[in-house]
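Can you read through this structure? Questions will come right after.
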Amino acid sequence: MSRILVSGLVNIETTLKADGFPIHYTPVRYPFYGVNSSVSGVGYNLSKALTILGHQVDFLSLIGRDLAGGQVRAALNADGISDANIVSQIENTPQSVIIYDESGRRQINVDLKNIQEQVYPQERFERAMQRSDLLALCNINFSRPMLKVAKEAGKLIATDVHTIGDLHDEYNSDFMAAANILFMSDENLPGSPEEWAQALFKTYQNDIVVIGLGAKGALLAVRKDDFMGRFPAVQVRPIVNTIGAGDALFSSFLHGYLQTGDPYASIQRAILFAGYKIGSVSAAGGFLSADQLDELVKSR
């Protein structure tokens, strides 16, 4: 398997099951087993999924000098992910609250504390970068200085800019420009996913673009093959919470692509991986191992 550097957010996530949206006001509710807290965040989710899939992960992130920071380190230890590159650099670890209903709709509330003002130690990053086959650089500010260094080193770079609606988005444009493999959601696109992917190729010359289409699956565009096509979603088991589906799609695609170099098989397997994942409550739960994913592919 490959060695992958992941730079991204880790936070404490609390999920709350609601009866539906909009939320009806009541002073007290008792949603038994409907409130859960765990370690999550895009960087953590990717690191956990890729580790379960069999890769060696160098996870780079920033946490607080608080009890929550200790919880993060304990979770990483339990998952078999090294915390050697997790730096206790801020006072408070970021947190999120996710409200979801039975249909899978969700509202994500993220409190980043002051992490967007922080800089990750450059020497730690460069040491980890040298031994990596691929860099998954999540679109958080402390990953930003890593883009130029990784590009100049000729490293394979992947990123996910999530919801985006401006081709020249001030926050995300340097991430989009650096990425060989670029993921995003269709939720805020100004036009069709196909038109958007064509505009990305023209503007940024990415090698591969994947646009998550939610319940409709995903669009894959491969520049060298002049290919663009939609791949339908597959319901693998009952949907519990769609939070983290994009992280699952992204991590499984990277897993498949590093193994085979085949983006077409990789997206189909990633859709199955994500379809299974959303049968779990937490954004960091429900990840299949490589063997389990192989068995699921064979069973379809």
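Please provide three numbers in whole Å: the alpha-carbon extents of the stretch 100-210 along the principal axes, with the largest listed first.
43, 36, 25
Round to a whole number: what % of the accessible area of the stretch 104-165 belongs to carbon and sulfur, probe 1.4 Å? Kindly include the intermediate steps, with their values, before the conclusion.
Numbers: 1360 of 2970 Å².
Exposed carbon and sulfur together represent 46 percent of the surface.
Using 0.36 nm per residue, how much length does the chain from residue 262 to residue 124 gain when fully extended, once their Cα-Cα distance is taken away? Could the numbers behind the result be given before it?
Working: separation 138, 0.36 × 138 = 49.68 nm, distance 3.16 nm.
Between residue 262 and residue 124, full extension yields an extra 46.5 nm.
Per the Kirkwood definition applied to all pairs of different Cα atoms, how many angstroms is the hydrodynamic radius of the stretch 67-161? Mind showing how you got there, number by number?
Values: mean 1/r = 0.0642 Å⁻¹.
Computed over the stretch 67-161, the radius equals 15.6 Å.
If exposed GluC sites (Glu not before Pro) are those in a DSSP loop with at most 15 other Cβ within 10 Å, what is the longest stretch of the chain that has none? Mind showing how you got there, number by number?
On the way: sites that count: 91, 102, 170, 187.
Longest stretch, sites excluded: 188-300.
Mind jotting down the three principal axis lengths of the stretch 188-300 based on Cα atoms? Whole angstrom, largest first.
The Cα atoms of the stretch 188-300 stretch 37, 31, 22 Å along the principal axes, largest first.
Quick one: accessible area per residue over the chain, 1.4 Å probe, rounded to a whole number of Å²?
Each residue of the chain exposes 45 Å² on average to a 1.4 Å probe.
Which distance in nm do the two modelled labels at residue 166 and residue 199 give, with both placed 7 Å along the Cα-to-Cβ direction?
Here the modelled spin labels are 1.2 nm apart.
Considering only DSSP states other than H, G, I, E and B, which chymotrypsin sites (Phe, Trp or Tyr not before Pro) in the stretch 214-300 qualify as loop sites with at most 12 other Cβ atoms within 10 Å?
Sparse-neighbourhood loop chymotrypsin sites (Phe, Trp or Tyr not before Pro): none present.
Averaged over all directions, how much area does the convex hull of the C-alpha atoms of the stretch 1-146 cover when projected, in nm²?
10.0
I need the chymotrypsin sites (Phe, Trp or Tyr not before Pro) found in the stretch 1-72, filtered to DSSP loop residues with at most 10 other beta carbons within 10 Å of theirs.
25, 32, 33
Please give the Cα centre distance for the stretch 247-300 versus the stretch 1-51, rounded to the nearest Å.
For the stretch 247-300 versus the stretch 1-51, the Cα centre distance is 19 Å.
Could you work out Rg/(2.2 N^0.38 Å) for the chain, with Rg from alpha carbons only?
0.96
The values are calculated or read from the model by the stated rules, or taken from the named source; none is laboratory data. For clarity, every value in this text was computed on a predicted model and none was experimentally measured. Neighbour counts are summed over all protein chains in view; Cβ atoms, including those assigned to glycine, are modelled from backbone coordinates with ideal geometry. SASA here: full protein model, heavy atoms, side chains in, ligands and nucleic acids out. Shrake-Rupley method; radii C 1.70, N 1.55, O 1.52, S 1.80 Å.
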